[in-house]
Amino acid sequence: MRTTSSDRLDDADGSAGTWLVPVGGAIALIVGNGPVSVFAFGVFMGPLQSEFGWSRASLSVATALCALVSALSLPFVGLLMDKFGVRRVLALGICLFGLNVAVIGQTSSLVWFIALTALTGAMGAAQSPIGYVKSIASHFDRRRGLAIGIAMSGIGLGTALVPQYVQWLIGTYNWRIGYLGLGAAIVVVAMPAVGLLLREPNVHRQSGRSSQGHGLSLRQAMALRAFWCIASAVLLVSIAVNGALVHVVPLLVDAGWTPSSAARVLAAAGVAGLAGRLLAGYLMDRVFAAYVASSFFAIAIAGLYLLGSHSNPVLGMVAIGLAAGAEVDMVGFFVSRYFGLKRFGQLYGVFFSIFTVGAGLGPLLLGAAFTRFHSYEIGFIGCGLALAIASVCILAVGPYSYGSPRDASAGASAV
């Protein structure tokens, strides 16, 4: 009996060695760009305001510029990974990212603080999901969603653990030691995972049209409706979800919570994000991904209401965390199913750039809204509208272009 390349890839989906790839990705992404540059930043806001008197809007400029620099860097990093391999680029990026974060703690000037924080957008671009998802997509097909979900669960763990770690460093020492310890953790946690567990993408494995050698260029992808539907949804959800996540600690402190209690609520979002990544990955292997995405966006709308109204902030953060976890997971899955793997690194870099722009704009817009209205109410209403529009966009994406016949038939009923 003849064994096809698709059969070989499905067999590889179940091998113990192959599953070490998403496990390695999960470990490394605990200290990825998201947990470090977005979620830990909210914990630093209070101490920086207390010591220097910097406003939340001014501090939010730093995160916005970080997102902008990262957005500009990500497609280039993806292209480098397509050309030179994943592990080499990751190793260099991890070292530069850790050093950059540690140096932030040595500044006392707002201008230098903003500049160094913005620089982490470039230094940390490699320590985003790009390389990890690229490797996973080439080693998995039938269980690709679950494998991506396992790797992305590291971001959920990081969202839960990194703010707690930083809060402990700040409480025990000070915010400067917080940045130094955070920079050290990036190198100590991520480097062994990349060196021992991650594999380079396998360019010889193929699975029908979703092979490493098949797929669209960036220009070809941009000519499709699916590209713009996905891009719009990613941007809007990133603005809404990341804006709420960054500002939850100061929001709750204003409402009378202690900083440590507020950080624990953020940890609940991280745990929910972990669950959201695994659940979304599992479901996308079985249900048309656009249906899965829109369901998670609806959950986030409910979470914004619970958080903004203070009726149940913990449950609200759990709901928002579920959506935050699912969104990052979905980007890699959508790219592989709609545009193939030939230029996966570059295309994923573009979409993650869009996500990163939203991650910077969200905190900036909510910070500006708070400064203008002295309340988060208007900002949260805007976030809810953004999520509703994102649901419409993602449901208009159309059927898969690169997937199994079962996948294609699942998506065909959506159009």
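The values are calculated or read from the model by the stated rules, or taken from the named source; none is laboratory data. Please read all numbers here as calculations on a predicted model, not as lab measurements. Note that each Cβ is placed from the backbone with ideal geometry, even for glycine, and that neighbours are counted across all protein chains shown.
A few points about this structure:
- Those residues of region 307-343 which are hydrophobic (A, V, I, L, M, F, W, C) and in contact with a strand residue (DSSP E or B) (Cβ under 7 Å, 6 or more places away or on another chain), in sequence order: PHE339, LEU341
- Helices (runs of 4 or more DSSP H) (entirely within region 44-145) containing at least 2 residues that are surrounded by fewer than 18 Cβ atoms within 10 Å (Cβ to Cβ) and aliphatic (A, V, I, L, M): 56-84, 86-104, 110-123
- Residues within region 377-415 that are crowded, with 18+ Cβ neighbours inside 10 Å, modelled with pLDDT under 85 and assigned to a loop (DSSP other than H, G, I, E, B), tallied: 3
- Being part of a helix (DSSP H, G or I), within 14 Å of VAL237 (Cβ to Cβ), modelled with pLDDT of 85 or more and of a type in the set (A, V, I, L, M, F, W, C) is a property that does not hold for PHE333.
- The sole residue among LEU119, LEU90, LEU110 that is hydrophobic (A, V, I, L, M, F, W, C) and touching a residue at least 60 places away in the same chain (Cβ under 8 Å) is LEU90.
- Residues that are touching a Phe, Trp or Tyr at 6+ places or on another chain (Cβ under 8 Å) and closer than 26 Å to PHE52 by Cα, drawn from region 66-102: VAL101, ALA102
- Residue in region 283-303 that is surrounded by fewer than 18 Cβ atoms within 10 Å (Cβ to Cβ), over 19 Å from LEU251 (Cα atoms) and of a type in the set (Lys, Arg) present: yes
- Only residues that are within 17 Å of the chain's Cα centre (by Cα) and hydroxyl-bearing (Ser, Thr, Tyr) were counted in region 135-157, giving 2.
- Between ARG343, ARG372, the distinction of being free of Cβ contacts under 8 Å to residues at least 60 places away in the same chain and either surrounded by 24 or more Cβ atoms within 10 Å (Cβ to Cβ) or farther than 17 Å from ALA244 by Cβ (or both) belongs to ARG372 only.
- Some residue of region 312-325 being within 22 Å of VAL246 (Cα to Cα), among the small types (Gly, Ala, Ser) and surrounded by fewer than 24 Cβ atoms within 10 Å (Cβ to Cβ): no
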